[in-house]
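Heads up: the structure comes next, in structure tokens.
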Amino acid sequence: MKTIGQSRLALFFLCALATAQAWAEPGVSAAPAPASPASASWRFGLEAGGTWTPSYAEETRLLSAGGFGLNAYFDLSRGKWIPFHGEIGLFSIGPTAWDDSLFRFRAFWGSRFGIETGYRFPIGSSELAILAGGAWSASRFTSLSVVTAYVSLLGEIRFLTPVAVRGLPGLWLGASIPLEYMWRGTARTFSAGLELSANIPLGRKSRQ
């Protein structure tokens, strides 16, 4: 009887252990199963930073200006490929420096919708991604009612690393170098900057 009781007790503890492991939170599991290379995963992120944004025209040399922006984005990843990176953002560009004839480009601000695609390279537990695509923007000159719409080319080099924060499983933090070339009527504007970003997975299958 004693042997049977001990066997039943051991079986009870084994079942309890298996149940606890089955119901354990994914964030505290010792070794989560790696995602399938072909599986799709979504991430949502925010990024903000400053830019160097010079402009020029046919008869005007490159005149420097500064700006800043804030973006929200969604990433779709399939293994190392990023087939879709969509972002919507707000930006503000200050007036440029004066040229020799005392001309400068006005300050402007607006919103942008961009779509990019790219590839990510694992670096240990971190990743480096390279993205490229295009955008459509609507902007307004400061102190004027003139609104213009224009297209631009986009590029981005982004580094992300996972960070363990209680209550935010799957959080990634990083920095990026965004690039943009804008066709703004008769003006041409180039933008390069430095942004800080954070993103989290969407859904259980988005875990990296």
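Miscellaneous remarks
- Taken residue by residue, segment 135-152 has no member that is surrounded by 14 or more Cβ atoms within 10 Å (Cβ to Cβ) and over 14 Å from F91 (Cβ atoms).
- Residue within segment 53-74 that is modelled with pLDDT of 95 or more, in contact with a strand residue (DSSP E or B) (Cβ under 8 Å, 6 or more places away or on another chain) and farther than 28 Å from R188 by Cβ present: yes
- Restricting attention to segment 120-152, the residues being over 12 Å from R184 (Cα atoms) and part of a strand (DSSP E or B) number 14.
- Long-range neighbours under 7 Å by Cβ, at least six apart or interchain, first residue in contact (Cβ under 8 Å) with a residue 40 or more places away in the chain and farther than 25 Å from F105 by Cα within segment 64-91, second surrounded by fewer than 15 Cβ atoms within 10 Å (Cβ to Cβ) and polar (S, T, N, Q): I82/T117; H85/T117
- Condition broken by P83, with the remaining ones in (1) closer than 17 Å to G67 by Cα; (2) modelled with pLDDT of 95 or more satisfied: (1)
- Scanning segment 85-114 for residues that are touching a Phe, Trp or Tyr at 6+ places or on another chain (Cβ under 6 Å) and under 17 Å from V147 (Cα atoms) returns S92, I93, R106, F108, F113.
- Here R106, R166 are screened, and the one residue that is out of contact with any strand residue (DSSP E or B) (no Cβ under 6 Å at 6 or more places or on another chain), on the phi < 0 side of the Ramachandran plot and not in a strand (DSSP E or B) is R166.
- In segment 188-208, the residue that is nearest to R140 (Cα to Cα) out of those that are surrounded by 15 or more Cβ atoms within 10 Å (Cβ to Cβ), modelled with pLDDT of 95 or more and among the small types (G, A, S) is S191.
- Residues in segment 173-187 include none that are under 15 Å from F74 (Cβ atoms) and not β-branched (V, I, T).
- Checked against the criterion of being among the aromatic types (F, W, Y) and within 18 Å of the chain's Cα centre (by Cα), the candidates F121, F103, F141 yield just one match: F121.
- Here T117 meets each of (1) of a type in the set (V, I, T); (2) part of a strand (DSSP E or B); (3) under 20 Å from V147 (Cα atoms) with one exception, condition (3).
- Subset of segment 74-100 that is under 24 Å from the mean Cα position of the chain (by Cα) and of a type in the set (S, T, N, Q) - its residue that is farthest from S126 (Cα to Cα): S92
The values are calculated or read from the model by the stated rules, or taken from the named source; none is laboratory data. Every value quoted in this text rests on a predicted model; they were computed, and no experiment measured them. Counting neighbours? That spans all protein chains shown, and the Cβs are built from the backbone with ideal geometry, glycine included.
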